[in-house]
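Beneath this line is the structure, given in C-alpha cells, with notes to follow.
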Amino acid sequence: MSTSFQQHKAGDLHFLKRLNRSAILELVRRTPGLTRADIATQAQLTKATVGTGVQSLLNQGWLSEGELQKSSGGRPGRALHLNDRHYVMLGAEVGVHGLRLVACSLSGEVLASHHEHLVPTTPEVTAGLLAERLHSLHSAPSVSDRHCLGVGVALPGPIDPRKPVLRLAPNLGWRDIRFLELLRPHFPKLEGTWLMDNEAKSAAFGEFYFRTGQVPDSLVYVSAGTGIGSGMVEGNHLPLLSRGLQGLAGEIGHTILQPGGLYCHCGNRGCAETLVSGWSIRAALGIAEDEELVESLLPRLQEENVQLTLRRAGEALGTLLLNLHHTQNPSELVLGGSLVQLGAPLLDPALAYFKANQNRLLGTTQQVPLRVIEDSTFIAARGAAAQVLASVIHGPSDLI
C-alpha cells in the first residue's frame, strides 16, 4: 500500500493546505469530539489555519459538527466528528475457502457485508466472481448513495512491497498474480483507490486504525485459518506495517517448528502450518476440501482423535504466540481467524502455554494483553477498507 505523497515543490501552498487538512482529519478520527481550539493546540496550528481546514472538510462531507463543548476560557466550541453519512470504502478478502466483503463508513462501521463459501479455483474465475459480489454490495441501499473512496483486497499470501503482485498463495497454488489487473476490468466504473495486501496485514491494520481512544503503541494480529499468518502495525499519525524486503514479514505459518517434519504446501518441511492450520487439521481428520471445516468439527469435539488433534494444534499455536512475543514484543496480541471458532479444545492449550511462558525471559509480572476475536469473519476485509481510507487521507488524493 503506497502512502507517500507525490513530489512537490518547496512552498507548495496546495500541498501544505492538504497536509494540514490531513492532520486535522486524523486528529478528529482518532479522538472524536475535539473542537477547533483543541485541534489548534494538539496540531500546533494557528486558529485561522484550523478554521479554514475544518470548513473545507465540512464542505466536502468529511466532518460534521455536534454539540457545543464547554470551554475553560473563551467561547465554547462545537464538537467535531467524522461524517459517517457521505463516504464509503469497499473491502474484500479472498480466502482459500471463501469470499468476504464489506462496505464501511469512515469510522469503520460495517454498512453491508457478504460471505460465501468458495471451493479453491483459478485467479481469473475468482476475480470475476468477486467483481460480481462487489457490484452487488456497491448497489446495496445503505451504500449506493454514498461516494466510494475505493476498494481494498486482502489475499492469502505475501505481497511484493514494491508492486501489487501476490508472490505466492501456497494454499491456493497461485504464484505471481496481479490480482487487481484481473479484477478492475470487471468493475471499470469504480473510481478511487485500488489496493491489495496480505490478509493478516490488512486485519492488523484495521484493528489498529479503526480504534479510537486508548490505542496501543503496536499490535500484532495472528490469523489462524486455512493457513497461519500475522501482521504487525505501529505508529500514530500514519500507522506502518512491517513488510520485510520481499513481503515475508509475518509469515509465521512457514517458520519451522519441527525440523525434518511433514512437508508443507510451500515445499519446506516442518513448517508451523503442518502442525496448526485448517489444512493440516483437515488432513489429520479426513475432512474434504468442499466441507466447511468448523461446521464439520463442532459436532465431533467429544471424539478422542479430534480432541488430540486440536490439543496438539493448540500447543503449536501457543508456541507461535510466544515466538511473536519474543521476536516482535508488541503492546497487544490479537488472535483471530476461523479456527478460533473451535473454542476451548484448540484455544485452552494455546493460551495456557503462552500465559505460563511469556514472562520467563525477563522475569517480570507484566502481562502482554492477548485478545481473542471470537468472530473475525470480516476482520481482514474491514482492514482492507481501512487501508483505502488511510491511503486517501495520507496519499495524493484531491478529496481532502
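From the list L180, L238, the one residue that fits, being assigned by TED's automatic domain parsing to the domain that holds A316 and either surrounded by fewer than 24 Cβ atoms within 10 Å (Cβ to Cβ) or more than 24 Å from L101 (Cβ to Cβ) (or both), is L238. Being touching a residue at least 12 places away in the same chain (Cβ under 8 Å) and assigned to a helix (DSSP H, G or I), is that true of even one residue in segment 209-227? Yes, segment 209-227 contains a residue that is touching a residue at least 12 places away in the same chain (Cβ under 8 Å) and assigned to a helix (DSSP H, G or I). Taking the conditions (1) in contact with a Leu (Cβ under 9 Å, 6 or more places away or on another chain); (2) free of Cβ contacts under 8 Å to residues at least 24 places away in the same chain in turn, P299 satisfies each one other than (1). Scanning segment 263-307 for residues that are under 12 Å from N171 (Cβ atoms) and at pLDDT below 95 turns up H265, C266, E289.
When every residue of segment 191-198 is checked against the conditions, at least one turns out to be β-branched (V, I, T), buried (at least 17 other Cβ atoms within 10 Å of the Cβ) and touching a Gly at 6+ places or on another chain (Cβ under 7 Å). Taking segment 249-260 as the range and being in contact with a helix residue (DSSP H, G or I) (Cβ under 9 Å, 6 or more places away or on another chain), part of a loop (DSSP other than H, G, I, E, B) and loosely packed, with under 15 Cβ neighbours inside 10 Å as the test, only Q258 passes. For segment 267-285, give me each residue that is open to solvent by 50 Å² or more (accessible area, probe 1.4 Å) and of a type in the set (A, V, I, L, M, F, W, C). L275, A283, A284 - these are the residues of segment 267-285 that are open to solvent by 50 Å² or more (accessible area, probe 1.4 Å) and of a type in the set (A, V, I, L, M, F, W, C). Across segment 161-173, the qualifying residues are those that are over 17 Å from the mean Cα position of the chain (by Cα) and over 24 Å from W279 (Cβ atoms), and the one among them that is least open to solvent (accessible area, probe 1.4 Å) is K163.
Give the residue that is farthest from S64 (Cα to Cα), with candidates limited to residues of segment 97-144 that are of a type in the set (S, T, N, Q) and in contact with a His (Cβ under 8 Å, 6 or more places away or on another chain). Among those that are of a type in the set (S, T, N, Q) and in contact with a His (Cβ under 8 Å, 6 or more places away or on another chain), it is S136. Scanning for something among the small types (G, A, S), in contact with a Lys or Arg (Cβ under 9 Å, 6 or more places away or on another chain) and within 18 Å of G231 (Cβ to Cβ), does segment 91-99 turn up at least one residue? Yes - at least one qualifying residue is present in segment 91-99.
A quick yes/no check of all residues on (1) out of contact with any Ser or Thr (no Cβ under 8 Å at 6 or more places or on another chain); (2) closer than 21 Å to A386 by Cα; (3) loosely packed, with under 12 Cβ neighbours inside 10 Å; (4) of a type in the set (A, V, I, L, M, F, W, C):
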residue: L34; (1), (2), (3), (4): yes, no, no, yes
residue: T49; (1), (2), (3), (4): yes, no, no, no
residue: V54; (1), (2), (3), (4): yes, no, no, yes
residue: L57; (1), (2), (3), (4): yes, yes, no, yes
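Can you go through A140, A127 and tell me which one is out of contact with any strand residue (DSSP E or B) (no Cβ under 8 Å at 6 or more places or on another chain) and touching a residue at least 24 places away in the same chain (Cβ under 8 Å)? Of A140, A127, the one residue that is out of contact with any strand residue (DSSP E or B) (no Cβ under 8 Å at 6 or more places or on another chain) and touching a residue at least 24 places away in the same chain (Cβ under 8 Å) is A127. Listed here are the strands (runs of 3 or more DSSP E) enclosed by segment 23-141 that have at least 2 residues being closer than 30 Å to I177 by Cα: 87-94, 98-104, 110-117. Taken across segment 164-176, residues that are out of contact with any helix residue (DSSP H, G or I) (no Cβ under 8 Å at 6 or more places or on another chain), in a loop (DSSP other than H, G, I, E, B) and of a type in the set (D, E, K, R) do not occur at all.
The values are calculated or read from the model by the stated rules, or taken from the named source; none is laboratory data. Keep in mind that this is a model prediction, so the values were computed, not measured. Cβ coordinates were reconstructed from backbone atoms using ideal geometry, including for glycine residues, and neighbour counts include every protein chain displayed. For accessibility, only protein heavy atoms count, side chains too; no ligands or nucleic acids. Shrake-Rupley method; radii C 1.70, N 1.55, O 1.52, S 1.80 Å.
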